[in-house]
Amino acid sequence: MKTILDFARARAAARPIVMVTAYDALMARIVAASQADAILVGDSAAMVVHGLPSTVDATMEMMCLHTAAVRRGAPGRVIVADMPFGTSRQGRHFAARVAGALMQAGATAVKLEGATGHEEVIAHLVQGGIPVMGHLGLTPQSVNQFGGYRVQGRSAKDAAQLRADARRLEELGAFAVVLECVPAVLARTVTKELKIPTIGIGAGAETSGQVLVLTDLLGLDANFHPKFARRYLDGHAAVLGALDDYARDVRLARFPSCAEIPA
Ligand code: KIV
């Protein structure tokens, strides 16, 4: 995908949207060469790349740095960058400064968690030419409020609130909304009720598309395997195996060979 209009086109054509995270130029280049549609520079970078405890720890500087690297790796692709924790809660001017910095770092659009209480900020960004992707359900920046990473929208009241939030995001001009860890039936209902596409993660198969964290789908973390994330590679074993082969070859004086010595 080259612009956010491609999201609406995909939805109209009932063509599932494929999103994946990336945090650096090399991986972005690989994703850009793949069949994936769009890249999310998620604030999951704080955990995946920096080893921090939660996405609450992602900073504006961190997100700008990763966004710029991903843009260098994927020059022509739609790149959505996460607004860091707290930056939508300090007024529309502050939010516009943060979103502007992400756009100038290379984002095509920003993603913002939640809807209630952010209405003014979302409208301000959209009116200012900054495309906004919403994010509802298990919004990881609220992990401390939720008391853990739990499925959201299970009760009738919570489901009704989430549906209202999704409609509000559409009214405010969001071009798509991520639905994370909500019951599949709720994700299906929201998808039917909206004109803009929904992108699911742990939300069943009846959304307009899916998003996964790249390291989850590559199986790079041996200790983290969320139920909703399918591993398309045992990346941890593959990388470990390669490193052990290298260590063995050095110790047995098999590396470098004559052919690997520069002339
Ligand atoms: O930060 C992230 O990677 C995300 C996805 C899990 C949707 O927000």
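The values are calculated or read from the model by the stated rules, or taken from the named source; none is laboratory data. Because the structure is a prediction, the values reported are computed rather than measured. Glycine gets a Cβ as well: all are built from the backbone with ideal geometry, and neighbour counts include every protein chain shown. Please note that ligands, DNA and RNA were not included when accessible areas were found on the heavy atoms of the full protein model with its side chains. Shrake-Rupley method; radii C 1.70, N 1.55, O 1.52, S 1.80 Å.
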Collect the residues in the range 99-139 that are at positive phi and in contact with a helix residue (DSSP H, G or I) (Cβ under 6 Å, 6 or more places away or on another chain), keeping them in residue-number order. Gly106
Does the range 204-227 hold any residues that are open to solvent by 70 Å² or more (accessible area, probe 1.4 Å) and in contact with a Lys or Arg (Cβ under 8 Å, 6 or more places away or on another chain), and which are they? Glu206, His225
Within the range 107-126, is even one residue within 30 Å of Asp24 (Cα to Cα) and exposed (fewer than 15 other Cβ atoms within 10 Å of the Cβ)? no
Starting from the range 235-254, take each residue that is farther than 11 Å from Gly219 by Cβ and list its partners that are open to solvent by 60 Å² or more (accessible area, probe 1.4 Å) and modelled with pLDDT of 95 or more, counting only C-beta distances under 7 angstrom and pairs at least six apart or across chains. Tyr246/Phe255; Asp249/Phe255
Number of positions in the range 32-53 that are at negative phi and either surrounded by fewer than 24 Cβ atoms within 10 Å (Cβ to Cβ) or at pLDDT below 95 (or both): 13
Condition met for Arg97 (open to solvent by 20 Å² or more (accessible area, probe 1.4 Å), at pLDDT 95 or above, more than 21 Å from Thr3 (Cα to Cα) and charged (D, E, K, R)): yes
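Residue by residue, here is whether (1) acidic (Asp, Glu); (2) more than 19 Å from Glu180 (Cβ to Cβ); (3) within 16 Å of the ligand (Cβ to nearest atom); (4) without any contact (Cβ under 8 Å) to a residue 12 or more places away in the chain holds:
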site: Ile39; (1), (2), (3), (4): no, no, yes, no
site: His66; (1), (2), (3), (4): no, yes, yes, no
site: Val70; (1), (2), (3), (4): no, yes, yes, no
site: Phe85; (1), (2), (3), (4): no, no, yes, no
site: Gln90; (1), (2), (3), (4): no, yes, no, yes
site: Val98; (1), (2), (3), (4): no, yes, yes, no
site: Ala101; (1), (2), (3), (4): no, yes, no, no
site: Ala107; (1), (2), (3), (4): no, yes, yes, no
site: Ala115; (1), (2), (3), (4): no, no, yes, no
By residue number, the members of the range 78-94 that are open to solvent by 20 Å² or more (accessible area, probe 1.4 Å) and within 16 Å of the chain's Cα centre (by Cα) are Phe85
Against the definition (crowded, with 20+ Cβ neighbours inside 10 Å and more than 15 Å from the chain's Cα centre (by Cα)), how does Ala10 come out, yes or no? yes
Counting only residues in the range 61-77 that are open to solvent by 30 Å² or more (accessible area, probe 1.4 Å) and under 13 Å from Ile39 (Cβ atoms), the one modelled with the lowest pLDDT is identified as Gly76
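Residue-wise test of (1) within 14 Å of the ligand (Cβ to nearest atom); (2) open to solvent by less than 70 Å² (accessible area, probe 1.4 Å); (3) modelled with pLDDT of 95 or more; (4) of a type outside the set (Ser, Thr, Tyr).
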{"position": "Cys181", "(1), (2), (3), (4)": "yes, yes, yes, yes"}
{"position": "Val185", "(1), (2), (3), (4)": "no, no, yes, yes"}
{"position": "Gly200", "(1), (2), (3), (4)": "yes, yes, yes, yes"}
{"position": "Ala229", "(1), (2), (3), (4)": "yes, yes, yes, yes"}
{"position": "Tyr232", "(1), (2), (3), (4)": "no, no, yes, no"}
{"position": "Ala237", "(1), (2), (3), (4)": "no, yes, yes, yes"}
{"position": "Ala253", "(1), (2), (3), (4)": "no, no, yes, yes"}
Identify, by number, the condition in (1) among the basic types (Lys, Arg); (2) more than 16 Å from the chain's Cα centre (by Cα); (3) within 16 Å of the ligand (Cβ to nearest atom) that Lys111 doesn't meet. (2)
